[in-house]
Each structure stands twice: as structure tokens, then as C-alpha cells.
1. Take the stretch 135-154 and flag every residue that is touching an Asp or Glu at 6+ places or on another chain (Cβ under 9 Å), open to solvent by less than 70 Å² (accessible area, probe 1.4 Å) and assigned to a strand (DSSP E or B).
2. Spot the failing condition for ILE93; the list is (1) among the β-branched types (Val, Ile, Thr); (2) under 24 Å from the mean Cα position of the chain (by Cα); (3) at pLDDT below 85, and only one is missed.
3. For the structure I just gave you, tell me whether GLY47 is touching a residue at least 24 places away in the same chain (Cβ under 8 Å), assigned to a loop (DSSP other than H, G, I, E, B) and under 29 Å from ILE162 (Cα atoms).
4. If GLY81 meets every condition in (1) modelled with pLDDT under 95; (2) open to solvent by less than 70 Å² (accessible area, probe 1.4 Å); (3) farther than 11 Å from ALA164 by Cβ apart from one, which number is that one?
5. Return only the number of the condition from (1) on the phi < 0 side of the Ramachandran plot; (2) open to solvent by 50 Å² or more (accessible area, probe 1.4 Å); (3) in a loop (DSSP other than H, G, I, E, B) that SER121 does not satisfy.
6. Six or more apart or on different chains, Cβ under 8 Å: which pairs go from a residue in the stretch 98-114 that's farther than 19 Å from SER132 by Cα to one that's in a loop (DSSP other than H, G, I, E, B) and basic (Lys, Arg)? Could you list them?
7. Out of (1) in a strand (DSSP E or B); (2) polar (S, T, N, Q); (3) open to solvent by 60 Å² or more (accessible area, probe 1.4 Å), what's the single condition that is false for THR127?
8. Mind listing just one residue for me: the one in the stretch 155-172 that is in a loop (DSSP other than H, G, I, E, B) and open to solvent by less than 60 Å² (accessible area, probe 1.4 Å) and, of those, nearest to ALA78 (Cα to Cα)?
Amino acid sequence: GAAGWSAAPHFAFAVHSSVPCGATLNFEITYHTNQGTFGSSFSLLTGSPPTRTDTVSSTDVPKLIADNATVTSNLNVAGLGTVQDVDVTIGSIMHTFDGDLVLTLIGPNAVTVPLASRRGSSGDNFTNTDFSDEGSVAISSGTAPFTGSYRPESALSAFDGISANGTWKLQVQDA
């Protein structure tokens with residue numbers, strides 16, 4: 001009928017250095033009391049992998065997109081770690097007939113992910129357009145002008161696990 005607490009720490013555990021950071025450890029605790037035997041279980045992570053959000057902005061824009069041409073914006077990234085998630089924000093692409101445009105992100109590992117491929121028909125412009133795997137609307141279901149959050153043509157998770165460092169490229173083709 002009464003509860004009591006022991007002084008912290010209540011218990012401790014140690015894991016071998018070969019256990020990776022972020023590994024899940026499962027615990028089961030059994031309590032023997034005057035009222036009976038009870039149990040509970042829980043899981044803990046061995047530390048947590050370091051995460052942070054870094055925003056890196058392009059410095060080589062704006063660029064003219066000529067008819068039937070391809071233009072590339074380069075973004076040099078240094079001093080960051082491993083990619084856990086990539087989102088791309090297009091501040092502004094002023095272009096008539098968005099259905100002509102193909103937007104592709106190329107990672108420093110040469111993997112390419114199409115963001116938008118000839119979407120928007122005769123509509124104009126990409127303004128504050130966020131491409132994210134968690135986007136609320138597939139770009140294929142969107143309409144120009146593209147403003148807001150969209151899921152790209154292919155998943156940006158293709159970059160998960162690579163080094164963020166190197167040259168990222170946004171390629172815009174007027175097809």
C-alpha cells in the first residue's frame with residue numbers, strides 16, 4: 001500500500017564498444033513485492049546518433065534558362081557529416097510553360113534524383129517550392145505555379161547515408 005524510491009541511480013548498464021550508437025537495447029524488469037510479482041519492459045537507444053539540420057544556400061544564381069538548354073547551379077558543401085534527409089527549396093524559377101522544365105538534383109556521389117519532370121503544363125513558375133519525401137502533394141498531382149511542399153518524382157532518400165560533403169548540382173533543363 002505504499003511506494004518508496006531508492007536514491008538514483010536506480011541501476012546502470014554498460015555495453016561493449018562494438019555496439020553501434022543508436023542500437024536498441026530491450027529491457028525486461030521483474031518486481032517481486034508483497035502483493036505479487038509484476039513485470040514491465042522498455043527499450044532504450046545506446047546514445048543517439050548525432051543529428052542536426054544544416055541549410056546550405058546556392059551562391060551562383062540567378063541564371064538564365066534559355067530555350068532547349070540546360071543550366072546547372074553548383075552547391076559546394078564542406079564540414080558536414082552523413083546525410084539523413086535531404087529537402088530542396090527552389091526560391092524562384094521564373095519560366096513560362098513549366099511543362100518544358102526538368103529539374104534534377106545530382107548528389108556528390110553522382111546519384112541523380114528527378115524533382116520535377118515536365119509538370120505544370122502551360123502554367124508558370126516555381127516559387128518557394130519545397131521538394132521533400134514528406135511533402136503533402138506529389139509533384140505529379142500539383143499545378144503551376146508550384147508553391148508549397150511537394151514530393152518529388154523520385155525519393156530524395158536515395159541520398160540517405162552518403163557524405164553530405166562535395167558538390168551538389170541542381171540541373172534545370174528546358175526541354
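The values are calculated or read from the model by the stated rules, or taken from the named source; none is laboratory data. Note that the structure is a prediction, hence the values are computed from the model and not measured. Every residue, glycine as well, gets a Cβ built from its backbone with ideal geometry; the counts of neighbours run over all protein chains shown. SASA here: full protein model, heavy atoms, side chains in, ligands and nucleic acids out. Shrake-Rupley method; radii C 1.70, N 1.55, O 1.52, S 1.80 Å.
1. ALA138, PHE146, GLY148, SER149, TYR150
2. That leaves (3) as the condition not met.
3. Numbers: touching a residue at least 24 places away in the same chain (Cβ under 8 Å): yes; assigned to a loop (DSSP other than H, G, I, E, B): yes; under 29 Å from ILE162 (Cα atoms): yes.
Answer is yes for this residue.
4. The failed condition is (3).
5. (1)
6. Here the result reads ASP98/ARG119; GLY99/ARG118; GLY99/ARG119; ASP100/ARG118, each pair linking the stretch 98-114 to a residue that is in a loop (DSSP other than H, G, I, E, B) and basic (Lys, Arg).
7. (3)
8. Filtering the stretch 155-172 for residues in a loop (DSSP other than H, G, I, E, B) gives 155, 160-162, 164-165.
Next cut, open to solvent by less than 60 Å² (accessible area, probe 1.4 Å) only: 155, 161-162, 164-165.
Numbers: ALA155: 24, GLY161: 16, ILE162: 13, ALA164: 8, ASN165: 5 Å.
Checking each candidate, the answer is ASN165.
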